[in-house]
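**Q** Right, I'll just put the structure down here and ask away after.
The values are calculated or read from the model by the stated rules, or taken from the named source; none is laboratory data. From a predicted model like this one, the values you see are computed outputs, not experimental measurements. Glycine also receives a Cβ, built like all others from the backbone with ideal geometry; neighbour counts cover every protein chain displayed.
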């Protein structure tokens with residue numbers, strides 16, 4: 001399970017709730033969870049706070065995904 005989705009599910013939040021709290025669309029959250037895109041730098045802090053993790057955790061996840069895809 002994608003790290004972002006795991007955090008969201010652990011907090012018992014819907015994609016729509018996360019989207020509203022982060023100021024993005026539900027479709028954007030779905031793309032984060034599918035791994036087709038990643039939160040923009042200016043959103044990392046907000047996304048991390050909403051999901052209850054650290055921005056570094058999100059960056060680590062993105063780096064790991066990039067290495068796997070390379």
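**Q** When you scan region 22-41, how many residues do you find that are over 17 Å from residue 11 (Cβ atoms) and at pLDDT 95 or above?
**A** 5
**Q** Which number in (1) surrounded by 12 or more Cβ atoms within 10 Å (Cβ to Cβ); (2) on the phi < 0 side of the Ramachandran plot marks the one condition that residue 35 misses?
**A** (2)
**Q** Do you know which residues across region 42-64 are surrounded by 18 or more Cβ atoms within 10 Å (Cβ to Cβ) and closer than 19 Å to residue 12 by Cα?
**A** 47, 48, 50, 51, 53, 58 - these are the residues of region 42-64 that are surrounded by 18 or more Cβ atoms within 10 Å (Cβ to Cβ) and closer than 19 Å to residue 12 by Cα.
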